[in-house]
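The values are calculated or read from the model by the stated rules, or taken from the named source; none is laboratory data. In this text, all values refer to a predicted model and were calculated from it rather than measured experimentally. Reconstructed Cβ throughout: ideal geometry from the backbone, glycine too, with neighbour counts over all protein chains shown. Accessible surface areas use protein heavy atoms only, side chains included; no ligands, DNA or RNA. Shrake-Rupley method; radii C 1.70, N 1.55, O 1.52, S 1.80 Å.
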Amino acid sequence: MDLYEYQGKELFRRHGIPVSDGRLAISPQGAEAAARELGGAVVVKAQVLTGGRGKAGGIKLAEGPDEAAERARDILGLDIRGHVVRKLWVEKASDIAREYYLSLTFDRGEKKPLFMFTREGGIEIEEVAARDPAAIVRLHVDPFEGYQPWHGRRLVFGAGVSDPGEQKQIQHIAARLYECFVSCDSMLCEINPLVVTPDGEVRALDAKVTVDDNALDRHPDIAEMRDLEAYPPEERAAREKGVVYVKLDGEVGVLGNGAGLSMSTVDVVTFAGGRPANFCDLGGGGDAQGVVDALEVITADPQVRSILFNIFGGITRCDEVARGILQALEQMSIELPIVVRLDGTNAEEGRRLLAEAAPPNLYVEPTMLDAAKRAVELAA
Ligand code: GDP
Ligand code: MN
């Protein structure tokens, strides 16, 4: 789960990483009030789950409350690479002498957290890596050993930070960042830029934090930060109904039971010359209600032109899935063609049920490939 900047900064603040004082706003009036409370110059920042907001016009300085309202008007509603701005973070503006970069990610290959630090901050780290890889200090932390003061020293001296005051503050921030990373079950904690003010104060001006979804039940406070409105409606519905669903951008709605079979179905649709609209896993149950829920989610995507059910009955019984499909067709008016391939436990019974009911938009195919070809043809 990706956090907004203001949420990441809240976690930083709790762990003792210096951030600027700020307020959340959802309207120009709110931004104005926030600027008035904060006093002085502020920066108005689009809160969207994507980077590069500065370049896209989503980050603007304002001298005071009136200008903050104006900048809020410019930024609210802006579309930043498909993310529409609905929230703003208004914080005290910082004077910047230098921009550094500090992050911790999880290096799966090494099975260790990885620090990256460079004095070339404020731009994408990929850009620095491509242009001047030697400018980036990379340092793993052994999770059993944990953070040690020498890690901080290696980072600052490796990157050539010569000012003792900066060295001290950055080492402190690195230690706190490690603690934040581990205690939040984070996959990424990135500070870009980590700024040095003209007074020599070091502070996190941006926060990009990703938390491991599988650890969220250990962190109810972070789980609560999830912003359901940031997801497309069908993904929101899927989450509410507990349907495993990933939106893709084709036309053939895909539904399988089990992640492996669902992924193979996505591949077979592609092999048959079509483009899958989604990945949807009915799971091991595949009862009637599960089928209804999944169909509701898939048909909420306006790009879907046909639906392909690929069911291999094991624990899931094909007759149960067939009943689910028929029940769904009774409950909802689905006009889209539905292609079904049933195999495994009670497949014959399932096929018989479908043949007896024979809804006009239902096609039963004997194999996975035949079914995919038919679904692709019907989507054309
Ligand atoms: P991003 O573009 O999405 O990474 O957003 P950032 O929060 O990193 O902001 C982008 C850039 O805006 C930063 O690199 C800074 O140069 C600038 N910026 C952000 N906050 C301030 C501020 O308080 N004062 C000044 N002068 N510039 C800022
Ligand atoms: Mn940034």
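Taking Cα atoms only, the orientation of helix 347-357 departs from the longest principal axis of the chain by about 70 degrees. So, taking all protein chains as they sit and a 1.4 Å probe, how much accessible area belongs to residue 172, in Å² rounded to tens? Around 90 Å² of this residue is reachable by solvent. Over the chain, accessible surface divided per residue gives 46 Å², non-protein components excluded, 1.4 Å probe.
Length gained on full extension, residue 81 to residue 332: 87.0 nm, using 0.36 nm per residue less the C-alpha separation. The heavy atoms of residue 247 offer some 60 square angstrom of accessible surface to a 1.4 angstrom probe. Taking 20 Å as the cut-off, the amide N atoms of region 102-118 that come nearer than this to a point 7 Å along the Cα-to-beta-carbon line of residue 214 belong to 105-114. Residues 6, 101, ordered by accessible area of protein heavy atoms at a 1.4 angstrom probe radius and largest first, appear as 6, 101.
Pairs of Lys residues in the chain, spaced 8 or more positions apart or belonging to different chains, with C-alpha separations under 17 angstrom: 13 in total.
The angle separating the long axis of helix 65-75 from the principal Cα axis of greatest extent in the chain is about 30 degrees. Could you give the angle, 0 to 90 degrees to the nearest 10, between helix 368-379's Cα long axis and the longest principal axis of the Cα atoms of the chain? On a 0 to 90 degree scale, this one is about 80.
In terms of overall dimensions, the C-alpha atoms belonging to the chain reach 80, 50, 38 Å along their principal axes, ordered largest to smallest.
One decimal place: the segment residue 241-residue 50 gains 66.1 nm when fully extended, by the rule 0.36 nm per residue minus the C-alpha distance. The heavy atoms of residue 70 offer some 90 square angstrom of accessible surface to a 1.4 angstrom probe. Give me the Kirkwood hydrodynamic radius of region 1-122, using the inverse of the mean 1/r over all pairs of distinct Cα atoms, in Å to one decimal. After inverting the pairwise mean of 1/r, the radius is 15.4 Å. Ranking 340, 266, 364 by solvent-accessible area of protein heavy atoms (1.4 Å probe, all protein chains present), from largest to smallest, gives 364, 266, 340.
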